[in-house]
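Undergrad: Have a look at the structure that comes next, please.
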Amino acid sequence: MTESFHDPLEHPKVPTIVPADDHAGEEVPFTDSPFSIVRKRFFANRAALVALAILVLIVIFTMSYPLFANYVVHSTYSEPGSISVLPYQGPSAQHWLGTDDISRDEFLRILKGGQISIFVGLAVAAVSTVIGVVIGSYSGFFGGRADRTLMSVVDFFLSLPVIALMLTATKFVPILKGGSVFSVVVILSFFSWMILARVVRGETLTLREREYVHAARMAGASTWRIITRHVLPNIAGVVLVQATLSVAIAIITESTLSFLGFGVSPALTPTWGNMLNSASDVISRSPILFWAPALGIIVTVMCVNFVGDGLRDAFDPKSIRGGQ
Amino acid sequence: MSDPNATAAASTASPADVGPILRVEDLKVSFKSEEGEVRAVDGVSFEMSKGETLAIVGESGSGKSVTSLAVMSLLPLKTKITGKVLFEGVDLVGADEKTLQNLRGNRISMIFQDPLTALNPVLTIERQISETLLKHKMVTKSKAPERVAELLDLVGISDVKQRMKQYAHEFSGGMCQRVMIAMAMACEPDLLIADEPTTALDVTVQAQVLDLLDHLQERTGMALLLISHDLGVVAGRADRVNVMYAGRVVETGSIDTVFEAPAMPYSIGLLASNTRLDAPLEERLVPIPGSPPSPSARPSGCAFHPRCTYAKDRCKVDDPVLRPAPQSGQATDPDGGLLAHLGACHYMEEVASGSVEGHEPEEQV
Amino acid sequence: MLSHVVRRVLTGIVTLFAVTIVVFFMVTAVGDPLAELRSKPSVSQVTIKKLEQEFHLKDANGKPVPLVTRYVSWVGDLAQGDLGTSFHEKRPVTELLARAMWPTAQLFLGWLIVSFVIAVLVGAYSAIKPYTLGDRLASGASFVGFSAPVFFWAVLFQYYLAIELTRITGIKLFYVSGMVTPGQDTIPNRLSHLALPVMTLAIATIAQWSRYERSSMLDVIRADYIRTARAKGLSKWAVIMRHALRNALLPLVTVIGVEAGIFLGGAFVTEKVYSWPGMGRLFIKAIEQSDFPVVMGWLIVATIFVIVFGIITDVVYSFLDPRIRYD
């Protein structure tokens, strides 16, 4: 094509930026100029910015739990100093979101539950990102037999009925029984690193063939140095985007397990997911018990997805959003 | 379908007898981009008569492909097109879809630069050709395979019965272009637009494809609009040539005149930069300095002045228009106009007579 | 083509083997699968003994069997189609699975058809009219679609579209549980039972697939062969239907091929909420009751299902794209 003009449909041209990696020379310290471009792009994206602001508010909000904590915490029935409460109360001045099936203050539980849900999301994203980056960069950098083996492991994990295995683990693996936050994070992380590993592997494979990596190798840089100095900084963007999206997936998966009754045990601590487990049966009696945690999950996950999308656009303006 | 008698007559008939089949008047095409409105074609006019071959040459970005797509109304919907594209007197600019659809592939058809991507990868060749036939009701459904075979045979594809069941990826580039030509010829169009038909092909195949086009033109008497950046492709095949630069026609004339006595410095440069194997080694390739301007940043005055070795101060401010070239006397045309040799340059006479000195161009864009 | 399928089947068998190892270890090797049963007073020692022998945990003399021997005997049973007996239902696992399979197959087919058709329509529309109000609405809706968990839609639809709708308007469009009203076994009755569970399952996939379809359709619309098709004089409709759509489906088919597992995840929630007597509910029940023979058998069958679905989409892909001729 001689003219860049053939598209039968108009589509906005995206401005191009200098690829970040072209600047990362061998001995030049990694300047923040590519990142300032990314930051500028991200801050120009209003939807992502609003989403980020909402997320920050949600986190502050759930962290403010201790401020309210001395106020009818898990009190069943009447406690000294508290008003005698009934289950399934509607919202009132004392109980902003009413009370749940055993008379606990729903507002407090939303705060506490949000804390746990968000923590699980972040923790799972962090752990699975570390696993994914290690496996992916190893596989992509060394290639050959290691790569083939690791990638067939990834394929294998991807072809598993994952939720079913998670449920199995919560019931049959001794250390993961009981529905503690720790065990849920371990189980979710174990089954969530594959996409990241695959993405990182792909990126590493292309980076490995770049001139400056060759140059570094010629200059006698160690593999460790090449990976940490040249490969990892350049895949940081992709990893960050993928990690953000995996926070969203982890929050949804945790809530699904909890909804089914196998996530974080409601006896130990509330999460938005396990609050919904009991609330869905009494939705006709007290819709707010369903809607409050449900909106908590949806708004949080949507904001995380928006931020992830914003990051993706900021790092790679050519990308077209196509789901996850 | 064209009259078979016109076949032989077409090349000799005086244009006055037939009247132009295509007349483009002051065509302007612009589209919106980040840098504002970009004018890709800026006031192009030309005429084509039946059986004639008109070449449009120019570097990439000169607006030649956009011009050809504008003729077919194949540009993006939001592109702004003004001026007239009269096909047998009917204006196609702003014509309704139905009219255009009835003309496209039927009276006017088109082949493209990269035949491999121009064919749908998931449909058989037969299906793609018969689609055109059925759309324009050239044959009944049951007769379609027969006609497809005929067409493929016509463009020189062997083993037709077997080949027509195949897909684009099973053909070579040259063969794909033959398939494209067969598709374009399906309804025996009056006008075939060939947009860089050989650019993506091997050198050895290029001549074959061009010969095929010549042959088909002789056979059907269609007009051929041949678009190329390669003067070698055009030489000896076109009747007339339009040289385009920065969205405008900067020189037009019969192919022989323009080749022998180019008037506008850009055409001179273009001819000089064309590989001439018969030329002495040191003269073979004289590239035009600089690169063509982006349509969004058209230089003031004559758009070519930043690259022109003859540019003077006037060229920076004064936009030249097409006017008779100094040596146009050779191409006397009884009817006047059609075969006239025109150029857009303030100093054509001086350049022709050698009274201006060439100098280093001012800036290299 | 055939050899490709054979190769896929062979890798599938390898995967299945690996799954048997994973399942075996998770369920019976890492811990004691009978732990929970032993603590239940309602389960007699005789039952425990029988189970221990059936699953080769202990031999006839009550001595523990080495791990490898246990695994080999279990896989041997599997290979013969013997998945053991559910101690809760007192029936062969194969029978329970067979009974649960058809209800879930209905959900699966409904989910696949509804998701595919709607996603393709929405995605194609968005791509043909990008950045219009319709596209933006679709984009926003899909964002909500894949940001909300499946159980949210399940409860929402069940309560508001069935219970509340009937309560307020008196119209009973949908049923909230089961597959069919006893004594009214008609196709419309079955469909109105099926509608909400299928919608529940489809929301997330419609959201995701329509985005894929949109972006691949946008790519296709810019392709040279689309211009060629227009240059032939075809109408817009014909260009889209005959030339764009099929090419734009290709990336989507690849995506769908790996989504059978996602369906199973959604089926747990959906079948639980709608009391659908399928595989999902069977599994949840089995997990709740530590009915490990059912759990193990279920996992094996589910893996086979995921693998087979992957192979089927592969074959479909090769029919859609003649450039892929595996050999």
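Undergrad: What do you get when you divide the Cα radius of gyration of segment B:34-125 by 2.2 N^0.38 Å, with N the number of residues?
TA: 1.20
Undergrad: Enumerate the whole-percent occupancy of each 10 Å bin, from 0 to the last occupied one, for all C-alpha pair distances of segment C:156-250.
TA: 15, 27, 18, 19, 17, 4
Undergrad: A further question follows. Given segment C:1-59 reduced to its alpha-carbon atoms as identical point scatterers, what log10 I(q)/I(0) does the Debye formula return at q = 0.28, 0.29, 0.30 Å⁻¹?
TA: -1.09, -1.11, -1.14
Undergrad: Be a star and scan segment C:292-327 for residues whose amide nitrogen sits under 15 Å from the point 7 Å along the Cα-to-Cβ vector of residue C:2.
TA: Once the point is set 7 Å along Cα→Cβ of residue C:2, C:326-327 turn out to lie under 15 Å by backbone N, inside segment C:292-327.
Undergrad: A further question on this structure: What do the square roots of 5 times the Cα gyration tensor eigenvalues come to for segment B:198-274, in whole Å, largest first, as semi-axes of the equivalent ellipsoid?
TA: 23, 15, 11
Undergrad: Something else: Take peptide B:133-144, look around each residue's Cβ out to 10 angstrom, count Cβ atoms belonging to other protein chains, and average those counts.
TA: Other-chain Cβ atoms within 10 Å of each residue's Cβ, averaged: 1.
Undergrad: For the protein assembly as shown, what does the convex hull of the Cα positions come to per residue, in cubic angstrom?
TA: Given the Cα convex hull of the protein assembly as shown, per-residue volume reads 235 Å³.
Undergrad: Something else about it: Based only on Cα atoms, what Rg/Rh ratio does segment C:188-327 have, Rh being taken as Kirkwood's radius?
TA: That ratio is 1.11, to two decimals.
Undergrad: Once you've got the GNM for chain B with C-alpha springs shorter than 10 Å, pick whichever of B:124, B:132, B:140 has the biggest mean-square fluctuation.
TA: With Cα springs under 10 Å in chain B, the top fluctuation among B:124, B:132, B:140 is at B:140.
Undergrad: Can I ask one more? For segment C:95-213, state the average projected area of the convex hull of the C-alpha atoms over all orientations, rounded to one decimal in nm².
TA: 9.0
Undergrad: Roughly speaking, what is the stretch gain from residue C:312 to residue C:99, that is 0.36 nm per residue apart minus the C-alpha to C-alpha distance, in nm to one decimal?
TA: The span from residue C:312 to residue C:99 would gain 74.3 nm if fully extended.
Undergrad: Sticking with this structure for a sec: How big is the equivalent ellipsoid of segment C:8-105 along its three axes, where each semi-axis is √(5λ) from the Cα gyration tensor, reported in whole Å from largest to smallest?
TA: Working: eigenvalues 122, 74, 28 Å².
Semi-axes (√(5λ), whole Å): 25, 19, 12.
Undergrad: Reported to two decimal places, what Rg/Rh ratio describes segment A:175-296 when computed on Cα atoms with Rh from the Kirkwood expression?
TA: 1.23
Undergrad: Taking each pair of distinct Cα atoms in segment A:154-204 once, what is the resulting Kirkwood hydrodynamic radius in Å?
TA: Across segment A:154-204, the inverse of the average 1/r is 11.9 Å.
Undergrad: What's the long-distance tail for chain C, i.e. % of Cα pairs beyond 28 Å?
TA: Here the long-distance tail beyond 28 Å is 55 percent of all Cα pairs in chain C.
Undergrad: Hey, if you drop one equal point scatterer on each alpha-carbon of chain B and run the Debye formula without solvent, what base-10 log of I(q)/I(0) do you get at q = 0.13 Å⁻¹?
TA: -1.07
Undergrad: Follow-up. What distance in nm separates the two pseudo spin-label positions at residue C:75 and residue C:258, each 7 Å out from Cα along the beta-carbon direction?
TA: 2.6
Undergrad: Please work out the C-alpha center-to-center distance from segment A:96-166 to segment C:284-299 and express it in whole Å.
TA: 24
Undergrad: Based on alpha-carbon positions alone, could you give the equivalent ellipsoid semi-axes of segment B:24-75 from the gyration tensor, as √(5λ), descending, whole Å?
TA: Value: 23, 11, 9 Å, ordered largest first.
Undergrad: Let me ask another. Would you mind putting A:203-209, A:303-309 in packing order, based on average other-beta-carbon counts within 10 Å, highest first?
TA: Ranking, from highest mean packing down: A:303-309, A:203-209.
Undergrad: In addition: Once amide H atoms are placed 1.01 Å from N in the peptide plane, what residues at a sequence separation of 5 or more from residue C:86, or on another chain, have their amide H within under 5 Å of its amide H?
TA: Here C:91, C:93 satisfy the definition.
Undergrad: Tell me the label-point distance for the pair residue B:45, residue C:16, using the 7 Å Cα-to-Cβ offset, in nm and rounded to one decimal.
TA: So the two model labels end up 7.8 nm from each other.
Undergrad: Still on this structure, please answer the following. Round to a whole angstrom and tell me the spacing of the C-alpha centers of segment A:239-313 and segment B:47-70.
TA: 61
Undergrad: Under the rule of -39500 (n - 2.57) per DSSP H run of 4 or more residues, summed and divided by the residues of chain B, what mean residue ellipticity at 222 nm is obtained, to the nearest 500 deg cm²/dmol?
TA: Numbers: 15 runs with 119 residues, N = 365.
Taking each H run of at least 4 residues, the total per residue is -8500 deg cm²/dmol.
Undergrad: Tell me the mean residue ellipticity at 222 nm calculated for chain C from its helices only (DSSP H runs of n ≥ 4, each -39500 (n - 2.57), averaged over every residue, nearest 500).
TA: -22500 deg cm²/dmol
Undergrad: Can you compute 3J(HN,Hα) from phi for each residue in segment B:349-356, using the Karplus curve 6.51 cos²θ - 1.76 cosθ + 1.60 with θ = phi - 60°, rounded to whole Hz and x for Gly and Pro?
TA: 4, 5, 5, 5, 7, x, 8, 10
Undergrad: I would also like to ask the following. Under a 5 Å amide H to amide H cut-off, with H placed in plane at 1.01 Å, what residues pair with residue A:101 once short-range neighbours are removed?
TA: For residue A:101, the qualifying residues are A:88.
Undergrad: For the pair residue B:97 and residue A:40, how long in nm is the line joining their label points, each one 7 Å along Cα→Cβ?
TA: Calculated label separation equals 4.2 nm.
Undergrad: Also, quick follow-up: Enumerate the amide H contacts of residue B:43 below 5 Å, restricted to partners 5 or more residues apart or on another chain; note that Pro and chain-start residues carry no placed amide H.
TA: Those qualifying (amide H under 5 Å, at least 5 residues apart or on another chain) are B:27, B:28, B:29.
Undergrad: Report the Cα centroid-to-centroid distance between segment C:110-185 and segment C:187-246 in angstrom, as an integer.
TA: 17
Undergrad: Compute the length gained on full extension between residue A:206 and residue A:221: take 0.36 nm times their separation in residues and subtract their Cα-Cα distance, giving the result in nm to one decimal.
TA: Stretched fully, the residue A:206-residue A:221 segment lengthens by 3.5 nm.
Undergrad: Just for the protein assembly as shown, what percent of DSSP beta bridges are antiparallel, to the closest 5?
TA: Numbers: 34 of 53 bridges.
Of all bridge pairs located within the protein assembly as shown, approximately 65 percent are antiparallel.
Undergrad: What number of lysine-lysine pairs in chain C show an alpha-carbon separation below 30 angstrom, given a sequence spacing of 8 or more or placement on distinct chains?
TA: Within chain C, the lysine pair count is 25.
Undergrad: Taking a ≥ b ≥ c as the square roots of the eigenvalues of the Cα gyration tensor of segment B:160-222, is the shape rounded (a/c under 1.5), prolate (a/b larger than b/c) or oblate?
TA: Numbers: a/c = 1.99, a/b = 1.23, b/c = 1.62.
Because a/c hits 1.5 or more and a/b fails to exceed b/c, segment B:160-222 counts as oblate.
Undergrad: With θ set to phi - 60° and the Karplus curve 6.51 cos²θ - 1.76 cosθ + 1.60, what are the ³J(HN,Hα) couplings of segment C:173-180 in order, to the nearest whole Hz, using x for Gly and Pro?
TA: 7, 10, 9, 9, 7, x, 9, 7
Bear in mind that the values in this text are calculations on the coordinates, not laboratory data. Keep in mind the model is a prediction, meaning the values are calculated, not measured. Methodologically, a virtual Cβ is constructed for each residue, glycine included, from the backbone with ideal geometry; neighbour enumeration extends over all protein chains shown.
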